[in-house]
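FYI, it's all coordinate maths here, none of it is from the lab. If you're wondering where the values come from, they're calculated on a predicted model, not measured in any experiment. FYI the Cβ positions are ideal-geometry reconstructions off the backbone, even for glycines, and counts take in every protein chain you see.
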There are 2 protein chains.
Amino acid sequence: MAKLEDVAKLANVSKTTVSRVLNHRGYLSQKTIDRVHAAMRELNYRPNVIAQQLYKNQTNLIGILLPTVANPFFGEVTLELERRLYQLGYKVLIGNSMNDPSKEADYLEQLLNKQVDGLIVGTHNQGIQEYQNLNLPIVSIDRIVNGDIPTVASDNYAGGRLATERLIERGAQKIIHINGPQSLPITAARRREAYEDVMNAHHLTPLTYEVDFNIAETVKKQKLAQILAAHPDVEGIFASNDTDAALLMQLAAERGLRIPEDLLLIGYDGTKLVRELVPQLTTVIQPVDQIAATAVKVLQERIAGQPTKAEYILPVQLSVGTTA
Amino acid sequence: MAKLEDVAKLANVSKTTVSRVLNHRGYLSQKTIDRVHAAMRELNYRPNVIAQQLYKNQTNLIGILLPTVANPFFGEVTLELERRLYQLGYKVLIGNSMNDPSKEADYLEQLLNKQVDGLIVGTHNQGIQEYQNLNLPIVSIDRIVNGDIPTVASDNYAGGRLATERLIERGAQKIIHINGPQSLPITAARRREAYEDVMNAHHLTPLTYEVDFNIAETVKKQKLAQILAAHPDVEGIFASNDTDAALLMQLAAERGLRIPEDLLLIGYDGTKLVRELVPQLTTVIQPVDQIAATAVKVLQERIAGQPTKAEYILPVQLSVGTTA
């Protein structure tokens, strides 16, 4: 394999000149540049990209740390993030960090060790010390990390209000909401606030169950079945997300409940995939494209050392199917 | 920020010794190792990982290039690949390469430039020159690249046979199969062979439609609607994948066709997500965990320069719902 000195020799320039051509640094005549390029082509020279990264102190890598790409919402967010970052010259490292704070800490170490230029995080782990470093090039999606790191999220309060008002308009009074544990610092907690505010405003009694997103599907199904069994008179459910809503559809059918006649049901997320697979589900659509575009824009600002806001809230909309 | 020489000074050793501790190279007494680690801790020293990679000539990065993580099959495959590779000390770079041969070529350049230690590819692009380099640390999933690069796939012929036999057993005679374009070098083409063999063995006329996986959903829906309209007497459909099957369920409902009474339907892939969202769909389950485990094992063998087989074929099974 050809080396840098072979290129220098053939082009009749110094090794420093070849290095400057490779790194686009310093003044060089077009003639010199052309001669070096011609020598590289002739020798089929491959620059040592790792050495160039070392020199430039940047890797053009962005880490994305989300609970799991196998979830339709995070899968579509990852696709859109990667598509946009690739156009900007970045490649994307992913980590599926569900239930694994040590993995999240590991990715942060990577950032601190300059193995990636920036991080986009959306995991649910807590108490990770490394986030205390200020002004890191980090953007959070759907999660509040701390006051320093900007959060990009859809308007969860508006989504919670849309869903609850829809269930009430359709005639439900006994309405249950399912959300994640209140201890988690996730923006989805605002759906619960909105649900409880709307219920109270209508003189209805809110009842929120906490079911952790990160638990195994069989355990989740059991928990949802227990909720249905404990409330045979429930008239509406505002679920945490669309996959939970799909589980509730099955469980309702097993109990002989017809949807929407006996039970109204609304999901959350409204991904393209779920709207394709379960078009009958009424759900709140999170704007995946806008979330990804905003996260990338804000991350670029962080990398450039520009000021950013604490939060970026994006609009949601209701997708009306037949379940509510 | 502390430098390597600061660590050397405080530990009262040479810079070379600190470097050997960092890279686990050469003979070192435990006393020296401990003294260097203590100095690193005291100075909060962060090793330059990029420089270490340059020294070791490896990045501990693996590239994964699949059509899109937003597809449930590729999303679950990516999750399982990343989980296994992370346990082996690798991090994962992803690229969603659908319809983009230049992006695929770009990732291959990365491999050739030693920016990644290996690649797992499952894209549908063709004619990429870089694959002609022999013995590259590449593994293909579901796709035949060339005779040199090993392919990991489920038993598509057995899957095609299972699906077609099921439709015939349930009483269908006019059965349509939908598959990708025959020009694509994908292992899914073997489902078509199996379908046509089983139909012929039962003295039934096979009819395969080619619908490209990579086209936009609206265009795909239109094409599938045209197929249904052209064959009002069709009794069974063996679809390319589960999301196409879900589209066909909607289109059938729009035409007033009841499933399974008027039309039997079988999908393909059988991901956890689709079985959760559309449990009524009869489908062929590809063994995602086994595919990922095999791809990782074979990639390790390629990286180590060990011989590998041309193909690794993994068993499928039928998931019986109510649609067929």
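Quick rundown of the values:
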item: Size-normalised alpha-carbon gyration radius of the range B:1-89, reference 2.2 N^0.38 Å; result: 1.55
item: Among B:200, B:81, B:239 - extreme Cα towards positive end, dipole of chain B, charges at beta-carbon; result: B:81
item: Value of relative contact order over the range A:1-83, rounded to a whole percent, pairs C-alpha under 8 Å and six or more apart; result: 26 percent
item: Per-residue ³J(HN,Hα) for the range B:272-281, Karplus 6.51 cos²θ - 1.76 cosθ + 1.60, θ = phi - 60°, Hz, x for Gly and Pro; result: 4, 4, 5, 5, 7, 7, 10, x, 6, 6
item: Above-threshold pairs, the threshold being 22 Å between Cα atoms, out of A:15/B:103; A:91/B:114; A:221/B:220; result: A:15/B:103; A:221/B:220
item: Helix axis angle, A:242-254 relative to chain A longest principal axis, alpha carbon, degrees; result: 30 degrees
item: Mean separation of Cα contacts under 8 Å (6+ apart) over length of the range A:156-286, as relative contact order %; result: 26 percent
item: Partners for residue B:309 among lysines (Cα-Cα distance below 21 Å; same-chain residues under 8 apart left out); result: B:297
item: Loop sites in the range A:260-324: GluC sites (Glu not before Pro), DSSP, at most 13 other Cβ within 10 Å; result: A:261
item: Cα-based shape type of the range A:140-221, given that a ≥ b ≥ c are square roots of the gyration tensor eigenvalues and the cut on a/c is 1.5; result: oblate
item: Normalised contact order of chain B, rounded percent, pairs of Cα under 8 Å and 6 or more residues apart; result: 17 percent
item: Equivalent ellipsoid semi-axes - Cα gyration tensor, the range B:4-56, angstrom; result: 16, 14, 9
item: The range A:55-160: radius of gyration and largest Cα-Cα distance (Dmax), Å; result: 13.6, 50
item: Tilt relative to chain A, helix A:30-43 - C-alpha long axis, 0 to 90 degrees, to 10; result: 80 degrees
item: Equivalent ellipsoid dimensions for chain A as semi-axes, Å, which come from the Cα gyration tensor, largest first; result: 51, 19, 17
item: Descending principal axes extents, the protein assembly as shown, alpha-carbon based, whole Å; result: 78, 67, 51
item: 222 nm mean residue ellipticity, helices alone, for the protein assembly as shown (DSSP H n ≥ 4; -39,500 (n - 2.57); rounded to 500); result: -13500 deg cm²/dmol
item: The protein assembly as shown: antiparallel DSSP beta bridges as a percent of all, rounded to 5; result: 15 percent
item: Principal-axis tilt of helix B:288-303 within chain B, Cα atoms, nearest 10 degrees; result: 40 degrees
item: Volume of the Cα convex hull of the range A:195-289, divided per residue and given in Å³; result: 118 Å³
item: Highest-MSF residue in chain A out of A:252, A:304, A:158 [GNM, Cα springs under 10 Å]; result: A:304
item: Listed residue (A:298, A:152, A:224) projecting farthest to the positive dipole end of chain A, Cβ model; result: A:298
item: Within straight-line cross-link reach of residue B:174, lysines at Cα separation under 20 Å, skipping those fewer than 8 residues along the same chain; result: B:223
